[in-house]
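The values are calculated or read from the model by the stated rules, or taken from the named source; none is laboratory data. Keep in mind that this is a model prediction, so the values were computed, not measured. All Cβ positions, even for glycine, are placed from backbone atoms using ideal geometry, and neighbour counts span all protein chains on display. These area figures cover heavy atoms from the full protein model, side chains too; ligands, DNA and RNA do not enter into them. Shrake-Rupley method; radii C 1.70, N 1.55, O 1.52, S 1.80 Å.
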Amino acid sequence: MEEIIQFLAGILNREFIRAVFSNPRVKDNVVKAKLRPMEQKGELLFQLESFTKTQVFHKNLTVEETKDELAKLLEEFRQVQVETVSEDITVLISKKGKATIKRKRKKVQAKAADLSHNRKKKYILEEGIAVPFLQDLGVMTQDGKIVRTKMDKFRQINRFLEFVEDILPQLDKDRELTLLDFGCGKSYLTFAMYYYLHELKGYDIRIIGLDLKTDVILHCNELAKKYGYEKLTFLVGDIADYEGVDQVDMVVTLHACDTATDYALAKAVGWNAKVILSVPCCQHEVNKQLEKQRNLHSGKMKSKTEVMGVSEMLGDQLASMEEVLGPIMDYGLLRERFAALVTDGLRAKRLESEEYETQVLEFIDMEHTPKNILLRAVKKGSPAAKSRKEAEDCERFLKIQPTLGMLLAEQKGDK
C-alpha cells in the first residue's frame, strides 16, 4: 500500500487532472470522493470532494496534506480512477489490501485542469461543444449552447454518464462489448452512452435499444445511421420476450414501467451481465397487493371470491401487520410511496443474492423528478445468502409477491 501512496503522491502536480475514489469498503459512510487541483494566490492546492448518500463535503489541501489524505482514502476505497495530462490510470485494491495499477498513455495529451477556485461545473458532455445527437434531440443548438428548457435533460444525461464513468474498470476494453438498453424511448441516454463509450473513450461496443413504440424506434435508427454509429441498433420489442442475444455485458433499464423493470433485471441476471444500471419508474404491483390487504382488513373487498383469495394468501398475519403499519396503510399516498421504496429495496437485495454488489443511489434531484433512484449492480462472484433471506423475510411479513423474486426463482427452477 505504501508503494501506491508514493506513486499517487508523485503525480500531484500541475499535470494532474482528477482522481475519483469509488467502491467504498463501508457502504454507510462516504460513498465516493473526487480530487482535483486548484490554485489560490499562486499556490497549488487540491480540493477533496466527499460524497455521502445525502451530502457533499469539500476541503482544500496543500500538496503535503493531500499526500497524508491519500493513505486514508486508499483504506476507505477499493478503486481509484486517475487522469493526468498524458495518462489514464486505474488502481484496484483487493479485500486483502493487494493493489494493482493499470496505466495507459494517451495518444494525444489532454488539456490541463482548470485551476480556478470558483470554476463552472464541468460536465462530461461540455456546454459549448456541439454534439450532433444532442442537437437533433433538441437539447443543444447548432453552436453548442444548451436549450434553456432542456437544461434539466442535459444535467440528467451528464449525471447518468458519471455513473457509467464509475464502472469503466469493470468493462473489458480488449473485446467487443454488448450493451442492452430496455425501454430506451427517445434514447437520449442510449445515444449518450454510445457517444461517450465509443467516440470519447474508445470502447468497442454494440448497443441494442429496445422499445415498444415503432415510430420512436424508426426515428432512432435513422439518427444512428446519420451519425455513422454502426453498432448502435434500435428494435421494436417487449422486455419480457426478448431473446435476441445470448450474452450481455451491461444492461440498462431507465424508467421501465412497473414490472417491466423486474423482467429487465431478471434478464440481466440470466445473461450474467457484468453491470446493471436501473432507474425504476412507476411501481404499482406491491401497492395493489397492499391495498387489497387494507381493503380486506377494513371490510371493503368487492366480492367473496376476492376476500377468499386474499385471506388465503395472508393467513393469520393480516391483523398484526395492519396494526404495525396502520399509520402508512391508512393513507393512499403514503402507502404508494412505501410500496415503491419496498419494491426497490427488495430488488437491490435480490440482486445481491445473485452475486451483485448493489448500490441504491440518487439519480438526480427530487425537484426534477420523483423517479430519482438508481440501482447500480456490479457482478462480484460472491452471492449474499443473507440478502435473499432478508428479502424473503420482508416479503413474508408484508405478504407480498414481487415479480423479480418469482422470476429469479423460475430461472433456478425453485418451487
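Whether any residue in the stretch 99-111 is in contact with a Pro (Cβ under 9 Å, 6 or more places away or on another chain) and within 27 Å of Glu357 (Cα to Cα) is what I want to check. Yes, the stretch 99-111 contains a residue that is in contact with a Pro (Cβ under 9 Å, 6 or more places away or on another chain) and within 27 Å of Glu357 (Cα to Cα).
Selection of the stretch 31-44 for residues being in contact with a helix residue (DSSP H, G or I) (Cβ under 8 Å, 6 or more places away or on another chain) and over 17 Å from Glu162 (Cα atoms) yields only Leu44. List the pairs whose first member sits in the stretch 29-42 and is closer than 18 Å to Thr84 by Cβ, whose second member is part of a loop (DSSP other than H, G, I, E, B) and open to solvent by 50 Å² or more (accessible area, probe 1.4 Å), and whose Cβ atoms are under 6 Å apart, counting only residues at least 6 apart or on separate chains? Qualifying pairs under 6 Å: Met38/His117. Which of the residues spanning the stretch 253-267 are of a type in the set (A, V, I, L, M, F, W, C) and farther than 17 Å from Pro402 by Cα? Leu254 - this is the single residue of the stretch 253-267 that is of a type in the set (A, V, I, L, M, F, W, C) and farther than 17 Å from Pro402 by Cα.
Quick one: would you say Lys41 is of a type outside the set (Asp, Glu), within 25 Å of Glu362 (Cβ to Cβ) and either open to solvent by 50 Å² or more (accessible area, probe 1.4 Å) or under 28 Å from the mean Cα position of the chain (by Cα) (or both)? It is false that Lys41 is of a type outside the set (Asp, Glu), within 25 Å of Glu362 (Cβ to Cβ) and either open to solvent by 50 Å² or more (accessible area, probe 1.4 Å) or under 28 Å from the mean Cα position of the chain (by Cα) (or both).
Among helices (runs of 4 or more DSSP H) entirely within the stretch 238-332, having at least 1 residues that are modelled with pLDDT of 80 or more and over 30 Å from the mean Cα position of the chain (by Cα) singles out 285-298, 318-329. The number of residues in the stretch 387-415 being closer than 22 Å to Lys95 by Cβ and open to solvent by less than 20 Å² (accessible area, probe 1.4 Å) comes to 1. When Gln401 is tested against (1) modelled with pLDDT of 90 or more; (2) assigned to a loop (DSSP other than H, G, I, E, B); (3) of a type outside the set (Val, Ile, Thr); (4) within 18 Å of the chain's Cα centre (by Cα), only condition (4) is not met. Considered as a group, the residues in the stretch 206-223 that are more than 10 Å from Phe182 (Cα to Cα) and crowded, with 22+ Cβ neighbours inside 10 Å include one that is modelled with the highest pLDDT, and that residue is Ile207. The numbered conditions (1) at pLDDT 90 or above; (2) touching a strand residue (DSSP E or B) at 6+ places or on another chain (Cβ under 7 Å); (3) open to solvent by 20 Å² or more (accessible area, probe 1.4 Å) are all true for Val360 except (1). Screening Ala384 on (1) over 28 Å from the mean Cα position of the chain (by Cα); (2) of a type outside the set (S, T, N, Q); (3) modelled with pLDDT under 80; (4) surrounded by 17 or more Cβ atoms within 10 Å (Cβ to Cβ) shows it passes everything except condition (1). Reported count of residues in the stretch 254-265, each being more than 13 Å from Asp238 (Cβ to Cβ), buried (at least 24 other Cβ atoms within 10 Å of the Cβ) and not charged (D, E, K, R), is 3. Taking the conditions exactly as written (surrounded by 14 or more Cβ atoms within 10 Å (Cβ to Cβ) and touching a residue at least 40 places away in the same chain (Cβ under 8 Å)), does Val26 satisfy them or not? Taking the combined requirement at face value, the residue does not satisfy it.
Could you list all residues from the stretch 187-230 that are in a loop (DSSP other than H, G, I, E, B), within 23 Å of the chain's Cα centre (by Cα) and of a type in the set (D, E, K, R)? Correct list: Lys201, Asp204.
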